[in-house]
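Notes for the one structure printed next.
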Amino acid sequence: MTRPADFKAQRLFVDTPLAAGGTVSPDRAQAHYLLNVLRLARGGEILLFNGRDGEWLANVTETGRKSCTLHLEKQVRPQPIAPELWYLFAPLKQARLDYMVQKATEMGAGRLMPVLTRHTQVRKINAERMRANAIEAAEQCGILTVPEIAPLQTLDDVLGNWPADRYLIFCDEGAATGNPASALEAFTKGPAAVLIGPEGGFSETERVRLTALPYVCALSLGPRILRADTAAVAALALVQSSLGDWK
């Protein structure tokens, strides 16, 4: 029997299969967190998830100076279907990128896709750091699926391989200002993606190419220019309420 998410309980992501009666040996950093930060002793409980096998109640069965063993008692939540929503963005400076990854995970993005545009200022990403931030957000917010981190690509390459059945919501500071929810009314619920540009905005060439594509919807986020990390939350909320899992 499953139970609702327990948002007060401590949760830990582990990259290992989870099944009834199994055991998990956390890595050294995780063991330190469990034993010295949470101060779990033998018999202490923790919720585990791996993004594939649902959420499991486990308890501490063995402890050492720098290690411990967890025994899987029972599954408390089954694994949900992975989110369909993709989030495309121009890389930002590290602190703001950390925030953006965390919020996109919280907002239900299933795939994070960094893209290089004409005016992108940051040309590299740290994929491991992005994944760590996504895992942390999932641990804290009761999310069971950690978004996939796609490799860094140019916008041209992304559009050249775009699936025709997936909407692309292009957040364009040059689009006519109006009610952004109204711009999404023409689309039926289905696979969708959100594209946020760099701090310098999209080039005119990029804007012309994007707006000419049949699966693209240009979307204004209102009369104010939003920072990219703020725009991420605003745009993802709009799309989730109109086309995603809020609908």
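The values are calculated or read from the model by the stated rules, or taken from the named source; none is laboratory data. None of the values given here were measured: they were computed from a predicted structure. We place every Cβ from the backbone using ideal geometry, glycine too, and count neighbours over all the protein chains shown. Remember, those area values only see protein heavy atoms, side chains included, never the ligands or the DNA or RNA. Shrake-Rupley method; radii C 1.70, N 1.55, O 1.52, S 1.80 Å.
Figures for the structure shown
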{"quantity": "Unmet requirement for T154, which otherwise passes all of (1) under 17 Å from H119 (Cβ atoms); (2) open to solvent by 30 Å² or more (accessible area, probe 1.4 Å); (3) touching a Lys or Arg at 6+ places or on another chain (Cβ under 8 Å)", "calculated": "(3)"}
{"quantity": "Filtered residues of the stretch 54-81 (kept if within 28 Å of V233 (Cα to Cα) and surrounded by 15 or more Cβ atoms within 10 Å (Cβ to Cβ))", "calculated": "G54, E55, R77, Q79"}
{"quantity": "Tabulated pairs, the stretch 25-43, first closer than 9 Å to S67 by Cα, second in a loop (DSSP other than H, G, I, E, B) and of a type in the set (S, T, Y), C-beta under 8 angstrom, 6+ apart or interchain", "calculated": "S25/S67; P26/S67; R28/S67; A31/S67"}
{"quantity": "Residue within the stretch 10-28 that is aliphatic (A, V, I, L, M) and open to solvent by 20 Å² or more (accessible area, probe 1.4 Å) present", "calculated": "yes"}
{"quantity": "Count of the stretch 93-133 residues which are closer than 22 Å to G200 by Cα, under 12 Å from the mean Cα position of the chain (by Cα) and open to solvent by 20 Å² or more (accessible area, probe 1.4 Å)", "calculated": "3"}
{"quantity": "Answer from A104, A82 - the residue that is of a type in the set (G, A, S) and at pLDDT 95 or above", "calculated": "A104"}
{"quantity": "Condition check for A90: among the small types (G, A, S), out of contact with any Gly (no Cβ under 6 Å at 6 or more places or on another chain) and either open to solvent by 70 Å² or more (accessible area, probe 1.4 Å) or more than 16 Å from L144 (Cβ to Cβ) (or both)", "calculated": "no"}
{"quantity": "Tabulated pairs, the stretch 212-230, first touching a residue at least 40 places away in the same chain (Cβ under 8 Å), second open to solvent by less than 30 Å² (accessible area, probe 1.4 Å) and part of a loop (DSSP other than H, G, I, E, B), C-beta under 6 angstrom, 6+ apart or interchain", "calculated": "A218/D172; A218/A175; S220/A175; A228/L92"}
